[in-house]
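The values are calculated or read from the model by the stated rules, or taken from the named source; none is laboratory data. In this text the structure is predicted, and so the values were computed from the model without any measurement. Heads up, the Cβs are rebuilt from the backbone with ideal geometry, glycines too, and the neighbour counts pull from every protein chain shown.
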Amino acid sequence: MTFASPAWRMAWREARASAPKFAFVIFGVAAGVGALTGVRGFSAAFHEALRREARTLMAADLTIRQFSPPTPAQDAEAAKWTARGARLTLITETISMLGADDAAPPVLVSVKAVDPSAYPFYGRVRLEPGAALASALTASTMAVSDDLLLRLNLSTGSTVKLGNAEFTVCGVVRFEPDRMTGSLNIGPRIMITRDGLDRSGLMIFGSRASHRLLFKLPQPGAPQRIDVQQMRDSLKKAFPEAMIVDYRETHPLITRALDRSTTFLSLVSMIALIVGALGVATAIHAHIQQRLDTIAILKCLGARSAQVIRIYTLQTLLVGVAGGLAGVMVGAAVQRLFPVLLARYFQFESIPWNPSFALEGMAAGTLVALLFTLPPLLAIRDVKPALIFRREMAEVKPKLAARLRKQLPAFAAAAVILAGLGGVASWLAESFRMGAWFVGGLAVALLLLASVAWLLLRGLRLFVRLSPFRLPVALRHGLANIYRPGNHAPSVLVSLGIGVMFTLTIFLVQKSLLKEVMGAAPKGMPNVFMINITPRDHDAVREFLDSRSDYLAPPRLNPLVPVRLLSVDGKSPDEILQPPPGQPPGQRRRRGGCVRQVTWLEDRPEDIQVRKGAWWRKDDTAALVSVSEGTAGRLKIEPGMTLRWNSTGRDFDVRVAAIHRVQSVRPGADEEFLFNRAALAGLPAQYFGAVRLAPAKVAGFQRDSYRRFPTVTVINAADVMNIVQEVVDQTALVIRFVSAFAILAGAIILASTVAGTRLRRTRESAVLKTLGARRARLIAIFSVEFAILGATAGLMGGALATAFSSTLLTRFLDARFQFELVPNLVTILLTTALAVTAGWLASIRILGQRPLEVLRDE
Amino acid sequence: MPSQPVLSLQSVTKSIDTGTHRVDILRGIDLEIHPGEFVAVMGASGSGKSTLLGLLAGLDSPTTGSIQLDGDEISRLGEDALSELRGRKIGFVFQSYQLIPTLTAEENVLLPAELAGETGEQAATRARMLLTTVGLQDRLDHYPVQLSGGEQQRVALARAFMRKPPLLLADESTGNLDSINGRQILDLLVALNSQEGATLVLVTHDRDLAALATRIITLRDGLVVSDERKTPE
């Protein structure tokens, strides 16, 4: 291979001859870039999978819901988007009575009229018998929920009457993707076509119905693209009274899972990259240390510092690109490996290899490797050609000002590194704020570690000098090795400390995050709900619930009390909710003073988090309420305030005890206001039941319930809850998996960082052996040195990781932080073990070398 | 001597810090070396010979005093200016050869020319010619580890003459070799020196080798204790 430029030629020749030594550097970059591209590629696919689930839950990418049919202006706005590639379908939901024959009384049903050729855009309506919705549902047929068949004693093929028209029952709706996002879920569900709705004559002027416009956006790769936010903003103007929801917020659990996993995964990839780069920097540093003679010779022969720096920069670049390429391959493998390993748990569609991630990974890897090797590269300037004559002897020490002046380029380099890393971090995390925190954390960590290294060196020197008793030889030599001039203990300590900090940060963050994520969908979360239970039926339903034993979690029977909020500390909600000038009142006003079905709770459920104030005691006799964070914000409610309510003509006051956050979704009662028993005592209540059953048991439960309590409606949310639960479980699994991968990669790189220092011990070992030291003694000396470095790095890294993860959790992941003593202690032990083992492994060859081989080379 | 000196030193001192105390290696050297001279610098170990050679080459800066090369003051030049000056005016032969282990014999010889931006065929031809002169025409592609000590030193000799420097500095250049190889190297050095017309400064312990020089300077404890010029026979 020939190169036109001498620097390139030199760089290539050197790299060619040092290929085995560079293997590690290439490995470092490859590990970092591999983790980055693999995790990013995988996380993109994972997000796509989550979003698919989110879209399934609303059967669309974006929905608009309002209580009046779209006006011509609104139709025109919707048409604007269909012209740009979006697809649209309309759903109308209403309540009506349905009869079978004169023998049975008609039943209140919840009617859903769809266009089966378009609906649902995502997911599938499962019918029994298993025909496709589009073929089974015609203008004269109807799909119904199984409880309707029970109530009216019908079967597939029976004829029923809805409004003015007769319909044939074509099947039972087993799964309806958007069941939980629709409205008017009262009574059994029936599904008809829009033509069927027209035929029924139910929709006349003024009919109460909810209209949903479902949009599907052009898919990635389609010629037209629509920005969902832009579309939403535009639609909001045309539909000011409507509720507009897009797939990013269908379900709070999925939204949070998405947000958190995005942040966490980009965090992990960034950390992987930095730990990889750290390994590279250490290796390049060691390489340049070995090349000091070559650099001195080059300078003797007329090379300027800039020329030499260019040679080694190009070399780093060569190695960086080689490592980057290897990393992209590793990344592609990782991206393929993840779904295979996780296939048992969930289904990924094939993850396409994304060249832009590969390029980004290469660019980030090479850039970070170059940034991190800046200090050793700049140190080339300080290599004096006279080194050939005189080794390891300092000049007369210059004055502080002169020393600082000399360090100016190093400070400038540090600034460039931090700014560059900040840029890469902001880019990867797509957040400038996160980039800034990341770099700030790194800078503080570097400063602290450098200070600790300085203190350690001086402390050890003092300890050895002032020690009143004679220390064993191995201990004395091991300690002296750390502080002797020319030793690289500070740089090893800083690299190891930073590596430990990042690796443990991943562990701590994932641990806290998992706790939150799992808490959001507790295993016992109900999936079947019974509504409309009257006080008269309460005891019987309780008995019915208690008579069964096939629950996955204890059943709950909670009261529902209709209440209306009158005032907050004397101010009416309307007063507080005065819309900003120019904005129509509409929704905001409705939310303030509407009738709510509220419940009381004694103990705080684990998916409810208190953000302010305190939850009540079971035996509290004062009337208390806890308000959800969002509502408290809107109505400006704080703990200690008094809320006045009205229920069935009776006014009562309640004190705000707490502000809470609901982590999961529990249909049934209003979750914006949760009362204690004392607050709602004596008020007329209805009840709702919530149980968790295996999906296969739900139909039987529904049948039994209907037989005993015909007026009680059972809502089967098992399938929907399954999706939610799966998303949460999958997120947790991915977080665990990616963390384990990153931690493993981090440990390997850290071990290599320690191993990279072996070269400087070669000569010392040779001299000690010549003087009669046996291998066991050499091993003891190295062990003392590495154990101290490892323990200090573990301790400092642990402390820094605790601080860093607390910042990340509270500021970026919206999660709580808790100090973890055990992981910190384990980290110290593991880092010590890792440093000592890596030191031993790296020293095996040195220990086996004949002293003369080494000394002759000097 | 009527000609302008190639090297001129006035009151040159050099001190270093060992970490615990300060060591004065050179304690005031005044010296002039003229074009075409073959100077041997002698002295016991620790007398300051190598340090002096390093200062003459601009590899290091004196603590005090002045050094002029070809009339230009070099003692206060920056690192890069010194590098450039060395590349242009000085050839080196070291005791431990100081070849770059990752380059072949030919690449090592070519290196000074490449660093100066001379990368054409002319440079390659000269490198091969010099290697042929030192008897290594069939070792061009060998790496230093594949060569014997004597062969490595010949490569170093060829490299020192690559850019036709007016001044050649040799530091114990035969010190690592047996007497036969050592003598061969010195003969080659002297022959090449007279062929290329350079000034030669040789640091050595060996009185026999020093006897070949036209001038012998002896150092002791950082001071010049004798400066003998041989009268032409």
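Quick one: which of A:R458, A:R465 is within 25 Å of A:L771 (Cα to Cα) and either in a helix (DSSP H, G or I) or in the same structural domain as A:S269 (by TED's automatic domain parsing) (or both)?
Result: A:R465 is the single residue among A:R458, A:R465 that is within 25 Å of A:L771 (Cα to Cα) and either in a helix (DSSP H, G or I) or in the same structural domain as A:S269 (by TED's automatic domain parsing) (or both).
Looking at region A:819-828, can you tell me whether even one residue there is modelled with pLDDT of 75 or more, surrounded by 12 or more Cβ atoms within 10 Å (Cβ to Cβ) and assigned to a loop (DSSP other than H, G, I, E, B)? Scanning region A:819-828, I find at least one residue that is modelled with pLDDT of 75 or more, surrounded by 12 or more Cβ atoms within 10 Å (Cβ to Cβ) and assigned to a loop (DSSP other than H, G, I, E, B), so the answer is yes. When A:A474, A:A480, A:A415, A:A453 are checked against the criterion of being within 33 Å of the chain's Cα centre (by Cα), of a type outside the set (V, I, T) and in the same structural domain as A:L374 (by TED's automatic domain parsing), A:A415 stands alone in meeting it. Taking the numbered list (1) more than 23 Å from B:L186 (Cα to Cα); (2) at the interface with chain A (Cβ under 8 Å from one of its Cβ atoms) in turn, B:R159 passes all entries but (1). Being within 20 Å of A:G794 (Cα to Cα), part of a helix (DSSP H, G or I) and not aromatic (F, W, Y) is a description that does not apply to A:P409. Please determine whether any residue of region A:107-117 is surrounded by fewer than 19 Cβ atoms within 10 Å (Cβ to Cβ) and modelled with pLDDT under 85. Yes; the residues of region A:107-117 include at least one that is surrounded by fewer than 19 Cβ atoms within 10 Å (Cβ to Cβ) and modelled with pLDDT under 85. Restricting the first member to region B:58-74 and to residues that are under 16 Å from B:T13 (Cβ atoms) and within 14 Å of chain A (Cβ to nearest Cβ), and the second to residues that are of a type in the set (S, T, N, Q) and part of a strand (DSSP E or B), the beta-carbon pairs closer than 6 Å and six or more apart or on different chains are B:T63/B:T13; B:T63/B:S15; B:T64/B:T13. Taking region A:91-106 as the range and being at pLDDT below 90 and outside any loop (DSSP other than H, G, I, E, B) as the test, the residues that pass are A:E93, A:T94, A:I95, A:S96, A:M97, A:L98, A:G99. Every listed requirement among (1) within 12 Å of chain A (Cβ to nearest Cβ); (2) free of Cβ contacts under 8 Å to residues at least 60 places away in the same chain is met by B:K89 save one, (2). Within region B:103-111, one or more residues are more than 9 Å from every other protein chain (Cβ to nearest Cβ) and in contact with a His (Cβ under 7 Å, 6 or more places away or on another chain).
Set side by side, the residues B:V23, B:V12 differ, and just one is aliphatic (A, V, I, L, M), more than 14 Å from the chain's Cα centre (by Cα) and within 11 Å of chain A (Cβ to nearest Cβ), which is B:V23. With the requirement that a residue be buried (at least 23 other Cβ atoms within 10 Å of the Cβ), of a type in the set (A, V, I, L, M, F, W, C) and either within 14 Å of another protein chain (Cβ to nearest Cβ) or more than 22 Å from B:A198 (Cα to Cα) (or both), what does region B:30-54 give you? Listed by number, the residues that qualify are B:V41, B:L52, B:L53. Output yes when any residue across region A:250-268 is at pLDDT 70 or above, in contact with a Lys or Arg (Cβ under 8 Å, 6 or more places away or on another chain), within 14 Å of chain B (Cβ to nearest Cβ) and closer than 28 Å to A:F27 by Cα, and no when none is. Within region A:250-268, none of the residues are at pLDDT 70 or above, in contact with a Lys or Arg (Cβ under 8 Å, 6 or more places away or on another chain), within 14 Å of chain B (Cβ to nearest Cβ) and closer than 28 Å to A:F27 by Cα. For region B:83-96, the criterion of being at pLDDT 85 or above, assigned to a loop (DSSP other than H, G, I, E, B) and buried (at least 24 other Cβ atoms within 10 Å of the Cβ) is met by no residue.
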